[in-house]
Amino acid sequence: MKILKIYESSKDSKRRLTSVSQKNRMAKKDKNLSCKISLDKNQTFQTIKGFGCAITESAGYVLSFLSEKKRKKVIESCFSQNEKCNCYNFARTHMNSCDFSLENWSCLPEKDESLESFSFERTDKYITPALKLAIQAFMQSSQASESNEKSEREAQVIVTPWSPPAWMKTNNDMNHGGKLKPEYKKLWAEYYVKFIKGLEERGIKTSHVSIQNEPEASQTWDSCLWTGKEEADFSVKYLKPVLMNNNLKDVKILIWDHNRDRMLERLKESFSVPGAEAAIDGLAFHWYSGDQYENLTACSEILKDKELFFTEGCIEGGSRPGKWYVGERYGHNIINDLNNGCTAWIDWNMALDIEGGPNHVGNNCDAPILIDTKSGKVIYQSSYYYMGHFSRFIRPLSKRIGCQITPFMTPATVDGRMGNTMETSAFLRPDGKIVLVVMNRTEDDMIFELNLQNCKEKDKSAKIEYNSKVSDENSGRTFVCPPRSIQTYIIEDK
């Protein structure tokens, strides 16, 4: 085992995805070990499709306050494919307005069942320019890279509606829930095609669509209610056939796009509809109901090789400039989502203003990048760097591998639970290198021993030596993860 690189971000230093030497992170002799981390590259799980963020109207709006050069630099910091940027390959955007829009709007505000008056005017104002810059940053850097994998050379764009136009809904309102009128199901499917082809004309290829953002939530902002069976029925009878008939068979359909708490029940409900398993390509989920990671595992077992995408999460209640716990929340969610079967992790707004907006109903939130629209100052938050510890190094087509933590002592925390202190996940990249991400949320150093072994064939009768120390025998593979920090190890197995 050879450690090629260690990257680190920590609260009490200026290190932000900074390369640190192996020598500086080796544990000193006779120090007590917190735990052992065992990796097994022969035990493989899901394939990782990538990472990304959302380009909303609000994100595009705040970016428009920057100079062209600065705006391009900010977008490149997310989508350029080099290890000094976050290497995103997914962008999520909205069809019609969402809460992170300047107001309610649609591509067809007035009743027109012919769709002839369908307009991209509003989409083209702030969303399309930012999407095009993101794809440009991705493509230029991808073409310059050594990768020959097609999936690494194509940006993935997810299109999600928050609401159909008001005239298509039972409540005649884009906000406050309501439902799609039954007589407009086919027209709504054709609306998708209009939007997808409009993006394509602008050089933006759609890879995925979801049926509805948060289909069980009647919100004060753009929303529309769907049951699991209604999502499946729409996919089977309307959306899938319309996509196929318009040469869009490669566009994948995602359902749910809501919280972890109900994802398993909704998946079962949707898959109970005849033809649903063939029409539906995966499930998307959010984090706003809490952890509930066991539901991911259950869904991944049902979905098998289909998609299981995290598509939205943020700190609600306004921005949190400079707060470190924001990044730690990202790290906790990403590690546990990936460890339970998630195949892509897409953040919410790429950038917002210093207040966490604009949001047309005042539902301000935090974002990894905050922009002071008056001064032009750009603030990169802890969440941006925590995202980068995964997205910069876990390349598309990497596979999650076996990774076990064996505690040697009770962690120095309030509840003494190892899972609330040291969290980790590991991956085997297409180039054969192993990526290990380790996160320490305690106020003390976490000293761990790192081993490559076959986790499946571990001797279960072997006794755990509690209170183990760093010794001559293990000193070459014991490392320190500083307080309130996250590390990424790039490892070569020799």
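Scanning region 2-35 for residues being under 19 Å from Asp493 (Cβ atoms), in contact with an Asp or Glu (Cβ under 7 Å, 6 or more places away or on another chain) and modelled with pLDDT of 95 or more gives a total of 1.
For region 204-221, check the following and say yes or no: at least one residue is among the aromatic types (Phe, Trp, Tyr), open to solvent by 20 Å² or more (accessible area, probe 1.4 Å) and more than 24 Å from Trp256 (Cβ to Cβ). Taking every residue of region 204-221 in turn, none turns out to be among the aromatic types (Phe, Trp, Tyr), open to solvent by 20 Å² or more (accessible area, probe 1.4 Å) and more than 24 Å from Trp256 (Cβ to Cβ). Of the candidates Leu397, Leu352, the single residue that is open to solvent by 10 Å² or more (accessible area, probe 1.4 Å) and in contact (Cβ under 8 Å) with a residue 12 or more places away in the chain is Leu397. Of all residues in region 177-226, those that are over 15 Å from Asn246 (Cα atoms) and part of a helix (DSSP H, G or I) total 4. So, Lys73, is that one surrounded by fewer than 22 Cβ atoms within 10 Å (Cβ to Cβ) and part of a loop (DSSP other than H, G, I, E, B) or not? So Lys73 does not fit the description; no. Contact annotation: residue pairs with Cβ atoms under 7 Å, 6 or more positions apart or on different chains, pairing a residue in region 115-133 that is closer than 20 Å to Cys53 by Cβ with a partner that is at pLDDT 95 or above and of a type in the set (Ser, Thr, Tyr), are Tyr126/Tyr61; Tyr126/Ser64; Ile127/Thr93; Leu131/Thr93. Every condition in (1) open to solvent by 10 Å² or more (accessible area, probe 1.4 Å); (2) within 14 Å of the chain's Cα centre (by Cα) holds for Lys377 except the one numbered (2). For beta carbons closer than 7 Å, sequence separation of 6+ or different chains, a first residue in region 400-425 that is at pLDDT below 85 and among the aliphatic types (A, V, I, L, M) and a second that is assigned to a loop (DSSP other than H, G, I, E, B) and open to solvent by 50 Å² or more (accessible area, probe 1.4 Å), the qualifying pairs are Met409/Tyr466; Met409/Asn467; Ala412/Asp444. Taking the criterion of being open to solvent by less than 10 Å² (accessible area, probe 1.4 Å), over 20 Å from Trp105 (Cβ atoms) and aliphatic (A, V, I, L, M), would at least one residue in region 356-368 satisfy it? Yes, because at least one residue in region 356-368 is open to solvent by less than 10 Å² (accessible area, probe 1.4 Å), over 20 Å from Trp105 (Cβ atoms) and aliphatic (A, V, I, L, M). Residue count for region 254-288 satisfying the condition of being under 17 Å from the mean Cα position of the chain (by Cα) and hydrophobic (A, V, I, L, M, F, W, C): 8. For region 32-70, the set of residues classified as open to solvent by less than 40 Å² (accessible area, probe 1.4 Å), in contact with a Gly (Cβ under 9 Å, 6 or more places away or on another chain) and among the β-branched types (Val, Ile, Thr) consists of Val62 only.
The values are calculated or read from the model by the stated rules, or taken from the named source; none is laboratory data. These numbers were taken from a predicted model, which means no experiment stands behind them. For neighbour counting, all protein chains shown are included, and Cβ atoms are generated from backbone atoms with ideal geometry for every residue, glycine included. The protein model used for the area step is the full one, side chains on, heavy atoms only, and it has no ligands, DNA or RNA in it. Shrake-Rupley method; radii C 1.70, N 1.55, O 1.52, S 1.80 Å.
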